[in-house]
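The values are calculated or read from the model by the stated rules, or taken from the named source; none is laboratory data. Only a predicted model underlies this, so the values are computations on that prediction, with no experimental measurement involved. FYI the Cβ positions are ideal-geometry reconstructions off the backbone, even for glycines, and counts take in every protein chain you see.
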Amino acid sequence: MNLEQPMNNLPKNIFKFFALCVLFCVAFSLAGCAKGLFGKGASGAVSLPTDKTKVVEPLPTSIQSPKQNPEQSPEQNPQPDVSFRGEENPPPDTPVTMSEVPVQLTPRAKQSEVPVAGIPGFSYHNELLTEDTEWFGEVVVNGVLTIAPQATLTIAPGTMIRFHSPASEKTGLPVLIVQGRIVATGSADKPIVFRSDLPDVKFGNWQGIVLLASERKNLMENCRVDGAETGLTASFSSIVMKNSYFKNCRTGLRFQDCLVQISGGGAAKCELGLNLHDSEADISGTEFSGNRIGIALRRTSFYLSRSVISDNELEAVSAEESKLILQGNLFSKNGRGITLSSCEGLLAHNIINKNMNYGISLSASRVKVNANDITQNSGIGIRVTDGKSITWGNSITANGRYDLYNAGAEGYMAIGNWWGDSKAADVAGRIYDKANDPSAGWVSYIPILQRKPRISE
């Protein structure tokens, strides 16, 4: 056997074998790429459509747009099933239409998060809110809306709350009842407005806001309440109010058995601006003007300071059986000024002028009247029916008929007042007492002050 020939051809055979291996690997790689491009590999890529495309029906609408609650957990609110009908896994050569591609579904937005022009952000019809709620934008209330005892209603600056007036008087007026808590914090440039949905604003278009046994920290700041039967009615409640105004209401504010703190704001164009019964109220910097009656009190502890009570048709302040301090206020151009019956307290540093009937009327009241300017009232400066009160250190002058009128049988103490530049003899002519009517008591007015006392604090 010739062994040299095979040994000589060995390098050539090895070269051929190596070349065949390389060709085999290249072919195998090309086959894999082709499968990735035209078939479905491990990654799950879809194949390009061919002439044998299988058309799959679109998914049902109920699957494409499911209603879901954003607060539910994934287990309670599973993602929609987008698999092919009748096939757990589609074959590699089956195309997928756009209706079958899974879409990331977002939770349905809350009503208040999608403001639409001309459409209120919130709308209610005879509802009970049992959870904390925040209002902003525009709100429409139809019927009775009640805030439950455990809930808080928070209202953002600039919110407009409209109460839908009924077409028939037999249907009750719309009303907001707060048994829980209200926190309405507007701003000077973005007040919160409560009013009816009628263009013609007048009292009786809607019932008003009612605090019913709400002793939590209620707050109304920079609010405007317009056209209600009673703008705010509160019973057995507590509230702080700042710069809030009530207009065109039959009664602006009414409190019974309440704890009230009011700074700024007030009431105008109402039958009665402020009505308090069996309450405690601290009020400062307010204005009650242009009403039929400004303020009416009964069995109330009342402190009023730095306020303007003016241009009220019948009366500025009327109080019965109350403890009060009226200090540093203006009572001007009212039908009657201050009327106190069976009260006790202090009137000090007030300007009481230009009222039609009288400036002050005191009956069965243990009140100190000191350092007030009681002047230019068309009828009488001070009218008294008994000697329970005392008047000193005031400026009492230039009133129409009498500066002081004693309508009772008891004597009255009014020493140490300034009666203008008149002499003592002239002062007597400005006082109505026993000298005018034998059934009346005397008024003691000497000594008199020789100069006008300081009125401002």
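Within the range 230-245, can you find the residues that are touching a strand residue (DSSP E or B) at 6+ places or on another chain (Cβ under 6 Å), part of a loop (DSSP other than H, G, I, E, B) and over 18 Å from His277 (Cα atoms)?
The answer is Ser244, and nothing else.
Got a sec? Which of Ser279, Ser284 is surrounded by fewer than 18 Cβ atoms within 10 Å (Cβ to Cβ), in the same structural domain as Leu211 (by TED's automatic domain parsing) and hydroxyl-bearing (Ser, Thr, Tyr)?
Ser284
Mind counting the residues in the range 320-346 that are more than 17 Å from Val367 (Cα to Cα) and not in a loop (DSSP other than H, G, I, E, B)?
Residues that pass the stated criteria total 3.
Any residue at all in the range 365-373 that is of a type in the set (S, T, N, Q), within 37 Å of the chain's Cα centre (by Cα) and surrounded by fewer than 23 Cβ atoms within 10 Å (Cβ to Cβ)?
Within the range 365-373 (the criterion being of a type in the set (S, T, N, Q), within 37 Å of the chain's Cα centre (by Cα) and surrounded by fewer than 23 Cβ atoms within 10 Å (Cβ to Cβ)), the answer is no, since none of the residues qualifies.
Assuming Arg306 fulfils every condition listed in (1) surrounded by 17 or more Cβ atoms within 10 Å (Cβ to Cβ); (2) closer than 24 Å to Ser187 by Cβ; (3) outside the structural domain of Tyr245 (by TED's automatic domain parsing) apart from one, which condition is it?
Every condition holds for Arg306 apart from (1).
Looking at the range 422-448, which of its residues are farther than 21 Å from Val367 by Cα and either within 52 Å of the chain's Cα centre (by Cα) or outside the structural domain of Ala371 (by TED's automatic domain parsing) (or both)?
Correct list: Arg430 only.
Which residue is surrounded by the most Cβ atoms within 10 Å (Cβ to Cβ), if the candidates are limited to the range 233-267 and must be within 18 Å of Ser318 (Cβ to Cβ) and small (Gly, Ala, Ser)?
Gly252
Take Ser439 and tell me if it is surrounded by fewer than 18 Cβ atoms within 10 Å (Cβ to Cβ), small (Gly, Ala, Ser), more than 28 Å from Ser322 (Cα to Cα) and modelled with pLDDT of 95 or more.
Considered against the rule, which asks whether it is surrounded by fewer than 18 Cβ atoms within 10 Å (Cβ to Cβ), small (Gly, Ala, Ser), more than 28 Å from Ser322 (Cα to Cα) and modelled with pLDDT of 95 or more, Ser439 comes out as yes.
Of all residues in the range 263-319 being assigned to a strand (DSSP E or B), under 24 Å from the mean Cα position of the chain (by Cα) and among the charged types (D, E, K, R), which is farthest from Ser456 (Cα to Cα)?
Restricting to residues being assigned to a strand (DSSP E or B), under 24 Å from the mean Cα position of the chain (by Cα) and among the charged types (D, E, K, R), the top hit is Glu280.
Sort out which residues of the range 374-394 are within 45 Å of the chain's Cα centre (by Cα) and over 15 Å from Ser332 (Cβ atoms), and write them in order of number.
Correct list: Ile380, Ile382, Arg383, Val384, Thr385, Lys388, Ser389, Ile390, Thr391, Trp392, Gly393, Asn394.
For a quick check of your reading: which strands (runs of 3 or more DSSP E) sit entirely within the range 125-198 and have at least 3 residues that are in contact with a His (Cβ under 9 Å, 6 or more places away or on another chain)?
Here the list reads 138-147.
Return the total of residues in the range 209-254 being on the phi > 0 side of the Ramachandran plot and not aromatic (Phe, Trp, Tyr).
Result for the range 209-254: 5.
Pull out all pairs, ordered by first then second residue, where Cβ-Cβ is under 6 Å, the residues are six or more apart or on different chains, the first lies in the range 390-414 and is within 16 Å of Asn350 (Cα to Cα), and the second is among the hydroxyl-bearing types (Ser, Thr, Tyr) and in a strand (DSSP E or B).
Correct list of pairs: Thr397/Thr375.
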